[in-house]
2 protein chains.
Amino acid sequence: MARPRTFDEKQVLNAVRDQFWDAGYAATSLEDLMRVSGLGKGSLYAAFGDKRQLFLRALRSYTDDQHDALRKALSETPRALDALRLLLTAPIDDPTGTRRGCLMANSTCELGNADPEVLAHAHRTYETSTALIGDCVARAQREGDLPAGADPIALARALLAAQQGLVFMSRTGLDTATLTATAHSLAAQLLPDRAGAH
Amino acid sequence: MARPRTFDEKQVLNAVRDQFWDAGYAATSLEDLMRVSGLGKGSLYAAFGDKRQLFLRALRSYTDDQHDALRKALSETPRALDALRLLLTAPIDDPTGTRRGCLMANSTCELGNADPEVLAHAHRTYETSTALIGDCVARAQREGDLPAGADPIALARALLAAQQGLVFMSRTGLDTATLTATAHSLAAQLLPDRAGAH
DNA sequence: GGAGTTCTTGACCGTGCGGTCCACCATAAG
DNA sequence: CTTATGGTGGACCGCACGGTCAAGAACTCC
């Protein structure tokens, strides 16, 4: 019936996401977006709307991917406790996020005060993460690796806060060795090795 | 000899700092800066140089203030352990930072990739904070409230990461009660009540 | 009071921004 | 092949941005 699209939407969203990730929202110009996506202004606007909507699309795509990966990591690891430890240590070695931090976190810091939609999305995202981690904590409790009495959601929140703190510290240029040591230290204190060890 | 300034430099820096804090660097226009400072463009440029230099001045002023407050809080609290606990819980109730997070952290997220000077300043700032907290940890050890064997700097880094994580979570719109509970949970696990309690 | 110096104000400038629009093109249906 | 439809690329627009500058105001010293 008509001319088909010559680009893949997901590819464009990934390219755009990386650009926003590197430079932030305000510091990314439409020219940047055209360059990294390989599309003209008209195509971008026809397909995604204006800059802000494109950003929100890329952000949602990012958090969806992150949650898929989190869900997979938490469910596929044989021992739930190991998965929880990886929550703290894995982000340090993640090549996609090295020194760039987390796109959702960056966006919250840059736009959280000004854009209620970004703030609401951040809130939803971290609630979902908390729930996923909470499920994994509960599994670790069932597996006998964590004390059964504690509230899984409470521990999940503590873990998430610690993780975000670590990811942020890595942005300040802290060397990987120190970062890893801190991650292990936090893991050791928040996730003791055995249930009734003390 | 000549006409004196009609403004107080520190007052201007504070006003400008709040503006950058609320809106971020890129989203703050010169007009915003003129409005909040009450100065004309010429005065701003003559006194501080361009927008970026003004921002860096405000940022340095902010971190200096923060470190003064930290130094004071850590040294004036009778029991060092209490001061360390406050590190985690106090930021939640701080009216100056409520929902705005930490200006240094926000700036690192927004500009860390693009501006090496901001990154370097962030690195220096958090190293100083780590050292200050480390001193306090050592005091808590001398006071018998923390195990003597552990490395004070390592614990300081864990505490700082946890604090930054908490401050960030508060930016996502997490309610104060949950936030406080998480802070206490983290404090309980990172700062056990007595040295040899387990 | 006059001279000299610095601060202040606001008009002005060039640039690059986000966003619009339209002429052209590739495709599919008839 | 023709026609209708949606995709594409880039010219174009108005605006607000960061930054400059010159003329006047406020002050000190002589």
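Restricting attention to the range B:1-34 and to residues that are over 24 Å from B:M104 (Cβ atoms) and not hydrophobic (A, V, I, L, M, F, W, C), the residue that is farthest from DNA strand C (Cβ to nearest atom) turns out to be B:E31. Number of residues in the range A:19-33 that are touching a Leu at 6+ places or on another chain (Cβ under 7 Å) and either free of Cβ contacts under 8 Å to residues at least 60 places away in the same chain or near DNA strand D (Cβ under 9 Å from one of its atoms) (or both): the value is 2. Of all the residues in the range A:84-118, those that are in contact (Cβ under 8 Å) with a residue 12 or more places away in the chain and touching an Asp or Glu at 6+ places or on another chain (Cβ under 6 Å) number 1.
Across the range B:157-191, the qualifying residues are those that are in contact (Cβ under 8 Å) with a residue 40 or more places away in the chain and outside any helix (DSSP H, G or I), and the one among them that is farthest from the other protein chains (Cβ to nearest Cβ) is B:L191. When B:A90 is tested against the conditions (1) assigned to a helix (DSSP H, G or I); (2) buried (at least 18 other Cβ atoms within 10 Å of the Cβ); (3) at pLDDT below 95, the lone failure is (2).
Exactly one residue out of B:Y45, B:Y25 is closer than 19 Å to B:A122 by Cα, of a type in the set (S, T, Y) and at pLDDT 90 or above, and it is B:Y25. A:P78 fulfils the conditions (1) part of a helix (DSSP H, G or I); (2) free of Cβ contacts under 8 Å to residues at least 12 places away in the same chain; (3) away from DNA strand C (no atom under 16 Å from the Cβ); (4) away from every other protein chain (no Cβ under 12 Å) except for a single criterion, (1).
Looking only at residues in the range A:37-55 that are under 22 Å from the mean Cα position of the chain (by Cα) and away from chain B (no Cβ under 14 Å), the one that is farthest from DNA strand D (Cβ to nearest atom) is A:Q53. The residue list A:R57, A:R17, A:R3 contains one member that is basic (K, R) and farther than 25 Å from A:T125 by Cα, which is A:R3. Within the range A:6-18, being of a type outside the set (D, E) and more than 9 Å from DNA strand D (Cβ to nearest atom) holds for A:K10, A:Q11, A:V12, A:L13, A:N14, A:A15, A:V16, A:R17. Screening B:L74 on (1) aliphatic (A, V, I, L, M); (2) crowded, with 19+ Cβ neighbours inside 10 Å; (3) under 12 Å from the mean Cα position of the chain (by Cα) shows it passes everything except condition (3).
Name the residues in the range A:39-74 that are small (G, A, S) and touching a residue at least 12 places away in the same chain (Cβ under 8 Å), would you? Walk me through how you get there before you give the answer.
Kept after step one, since they are small (G, A, S), are these residues of the range A:39-74: A:40, A:42-43, A:46-47, A:49, A:58, A:61, A:69, A:73.
Within the range A:39-74, A:S43, A:A47, A:A58, A:S61, A:A73 qualify.
Of all residues in the range A:119-151, those being crowded, with 22+ Cβ neighbours inside 10 Å, over 16 Å from A:A58 (Cα atoms) and free of Cβ contacts under 8 Å to residues at least 24 places away in the same chain number 0. Total residues in the range B:35-56 satisfying the condition of being hydrophobic (A, V, I, L, M, F, W, C), in a helix (DSSP H, G or I) and within 15 Å of DNA strand C (Cβ to nearest atom): the figure is 6.
The values are calculated or read from the model by the stated rules, or taken from the named source; none is laboratory data. Note that this is a predicted model, so its numbers are computed, not measured. Here Cβ is always computed from backbone atoms with ideal geometry, including for glycine, and neighbour counts include all displayed protein chains.
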